Amino acid sequence: MQDTEHQIQKAITQYLNLLGLCWWAVPNGGRRNIVTATKLKSEGVKSGIPDITLIHKGQYYGIEVKKPKTNTPKGRLSQTQLSRIAEINESGGIVGLAYSVADVEELLQIWGIL
């Protein structure tokens, strides 16, 4: 069975729960009708935000989850995501890209959280 982005993110969130970290998912994706999309945009929802927000010792970390390469190509960052990640980095936040739980574990080690 192929890993979907949903399955990967679900496994990552289970891992983050086991670690007891302060995190939450950012449900920006998915199809919405125009009324809901307009309402959310007026409330400040922005495209390109990383899928998971993690706060550790006052520092913002974002994790963008993409599907790994299977018999289809791996997920790639959109131009909007690249721009948003640059904006977050310029503001002092840190964003990493993950295709698996192992990638998140590596990011947490690099970031000094583990």
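Seen from all sides and averaged, what is the projected area of the convex hull of the Cα atoms in region 1-71, in nm²?
Its Cα hull, projected and averaged over all orientations, spans 6.5 nm².
Roll a 1.4 angstrom probe over the protein heavy atoms and tell me the percent of accessible area of the chain that is carbon or sulfur.
Details: 3980 of 7290 Å².
Carbon and sulfur atoms account for 55 percent of the accessible area of the chain.
Excluding same-chain residues fewer than 8 positions from residue 74, which lysines have a Cα within less than 28 Å of its Cα?
Answer for residue 74, where 28 Å is the Cα cut-off: 10, 46, 66, listed by chain and number.
At a Förster distance of 22 Å, what's the computed FRET efficiency of residue 34 paired with residue 14, Cβ-Cβ distance as r, to 0.05?
Details: r = 34 Å, r/R0 = 1.55.
So the FRET efficiency works out to roughly 0.05.
What size of dipole, in debye to the nearest 20, comes out for the chain about its Cα centre when the only charges are +1 on Lys and Arg C-beta atoms and -1 on Asp and Glu C-beta atoms? Could the numbers behind the result be given before it?
Details: 13 positive and 10 negative charges, 95 e Å.
Once rounded to the nearest 20, the dipole reads 460 debye.
Residue 69: which aspartates and glutamates have alpha carbons under 18 Å from its alpha carbon, excluding same-chain residues fewer than 8 sequence positions away?
3, 5, 103
Order the following by accessible area, largest value first: 76, 32, 84. Probe radius 1.4 Å; ligands, DNA and RNA are ignored.
Details: 76 190, 32 95, 84 45 Å².
Largest to smallest exposure gives the sequence 76, 32, 84.
Once you have the Cα-Cα distance between residue 60 and residue 7, take 0.36 nm times their residue separation minus that, and quote the gain in nm to one decimal.
16.7 nm
Between residue 46 and residue 87, what is the label-point separation in nm under the 7 Å Cα-to-beta-carbon projection?
0.3 nm
Assuming R0 = 35 Å, what is the FRET efficiency of residue 25 and residue 79, from their Cβ-Cβ distance, to the nearest 0.05? Each step should come with its number before you reach the end.
Values: r = 23 Å, r/R0 = 0.65.
Efficiency at R0 = 35 Å is approximately 0.95.
Calculate one ³J(HN,Hα) per residue across region 67-73 by plugging θ = phi - 60° into the Karplus curve 6.51 cos²θ - 1.76 cosθ + 1.60, and present them in order as whole Hz with x for glycine and proline.
6, x, 5, 10, 7, 10, x
Given H placed 1.01 Å from N in the peptide plane, which residues other than close sequence neighbours of residue 96 have an amide H under 5 Å from its amide H?
Here the answer is 62, 63, 64, since their amide H atoms fall under 5 Å of that of residue 96.
List, in order, the whole-Hz ³J(HN,Hα) value for each residue of region 32-49 obtained from phi through the Karplus relation with A = 6.51, B = -1.76, C = 1.60 and θ = phi - 60°; use x for Gly and Pro.
Karplus-based 3J(HN,Hα) across region 32-49 equals 9, 6, 4, 5, 5, 4, 5, 4, 4, 4, 5, 8, x, 5, 10, 6, x, 6 Hz.
The values are calculated or read from the model by the stated rules, or taken from the named source; none is laboratory data. It should be emphasised that the depicted structure is a prediction, and the values quoted were computed from it without experimental measurement. In this analysis, Cβ positions are derived from the backbone assuming ideal geometry, glycine residues included, and neighbour counts consider all displayed protein chains. Each accessible area value is taken on the protein alone, full model and side chains, heavy atoms only, with ligands, DNA and RNA left out. Shrake-Rupley method; radii C 1.70, N 1.55, O 1.52, S 1.80 Å.
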